[in-house]
Amino acid sequence: MTTSTATHVTKTRERRWSEEAAFFDRAARRIEETHLPIDPLALQRYTRPVLRKRFNKEYRFRILGSLEGKTLLDVGCGDGQNSVMLARMGARVTGIDVSPGAIEVARRRAEVNGVADRVRFLCSPVEQAALHDGEFDIVWGEGILHHVLDDLDRVLSRLARCARPEGVLIFSEPINLSPALRSLRRMIPIRTEATPGERPMVGAELDLVRRYVPDLVMRPYSVLGRLDRLILVRFNYERSPVVRRAIVNAMAIFDWLITSLPGCERLASTCVLHGRPAPSAS
């Protein structure tokens, strides 16, 4: 790589980091102190003995099993909702994010929920973070990989090295395996906010994940899930009326069944990716 090319790549990365930080700093400023405590109904849902595979997040917790005593890296931790929830479940969590504003909210959230001694937060891009190889039992990312697509190979290499050989990497990401269906979904009048460079992952990028996670399992979700925002009150399952939850339950069952059919994973708009790191990664 020539000096000019390396300089261009560096500037591109720094611009992405700056744009992402500014976007999530703005979001962090809108979070009220009263919203910092973890909803006890949410904690009850995700710590129940029987977790429902038809729901994306319950499926992920089911895969991980007991978190007691586990070390976990929460990549793109944002305002700390997942980090604090995972700490409440027994994990020792390191949360990392490029947004100083989000990290500050995350630290306050950890204090409010009594887990400040089980969580540490780093404000840094993943590529530059002070992380050690083989440091974590679990590398967790919720909606992070599709923010770093220009540097996906580099980020995945770093994350795979952070995991212990017997550890697990687990991500939940938006995907686009059917451009025509994605165009149709975008016609649904739902307001969403997005950073300048983000987009769903495509097949070639999922194949790249498999390079670092050879036994990768991909569980598709959300054929109808985009409609949840129109049904749930403030997009909150636990606090929505029982009728609205019943509708979402029915849609989740439909999604699970339809995406279990051969070839129908292309209908999904999100997926869970999980598996162990490649032996050469650690």
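Can you check how the C-alpha radius of gyration of region 1-148 compares to 2.2 N^0.38 Å, as a plain ratio?
1.13
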Original post:
Tally Lys/Arg at +1 and Asp/Glu at -1 over every other residue whose Cβ is under 13 Å from the Cβ of L232; what's the total?
Top reply: +4
Subject >> Debye log10 I(q)/I(0) for region 16-93, one point scatterer per Cα, at q = 0.22 Å⁻¹ >> reply: -1.09
Original post:
Taking 0.36 nm per intervening residue step and subtracting the Cα-Cα distance, what contour gain separates I253 from R30 on full extension?
Top reply: 76.9 nm
**OP:** Can you work out the accessible area per residue across region 15-90, with the rest of the protein chains kept in place, probe 1.4 Å, in square angstrom?
**Re:** 49
**OP:** Keeping the other protein chains in place, figure out the carbon and sulfur percent of the accessible area of the chain, with a 1.4 Å probe.
**Re:** 54
Original post:
How big is the Kirkwood radius of the chain, worked out from every pair of different alpha carbons and given in Å to one decimal?
Top reply: 19.7
**OP:** Could you do me a favour and compute the accessible area per residue for region 105-180, 1.4 Å probe, result in Å²?
**Re:** 37
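So what's region 78-237 giving for Cα Rg divided by 2.2 N^0.38 Å, two decimals?
1.11
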**OP:** For every other residue with a beta carbon closer than 9 angstrom to the beta carbon of G141, add +1 if it is Lys or Arg and -1 if Asp or Glu, then tell me the sum.
**Re:** -3
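Taking 2.2 N^0.38 Å as the expected size of a compact globular protein, what ratio does the Cα radius of gyration of region 142-246 give against it, to two decimals?
Scaled against compact globular proteins, the figure is 1.27.
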**OP:** Please report, in Å, the Rg and the Dmax of region 206-282, where both are computed over Cα atoms only.
**Re:** 15.9, 50
Original post:
Can you give the net charge of the other residues whose Cβ lies under 13 Å from the Cβ of R92, counting K and R as +1 and D and E as -1?
Top reply: -1
**OP:** Would you calculate a helix-derived [θ] at 222 nm for the chain, using -39,500 (n - 2.57) for each DSSP H run of n ≥ 4 and dividing by the full residue count, to the nearest 500?
**Re:** -12500 deg cm²/dmol
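The values are calculated or read from the model by the stated rules, or taken from the named source; none is laboratory data. The model shown is predicted, which means the values in this text are computed figures rather than measured ones. Here the Cβ is made from the backbone with ideal geometry for all residues, glycine too, and neighbour counts use every protein chain on show. For the accessible areas, the whole protein counts, side chains as well, though only heavy atoms, and no ligand, DNA or RNA atoms are used. Shrake-Rupley method; radii C 1.70, N 1.55, O 1.52, S 1.80 Å.
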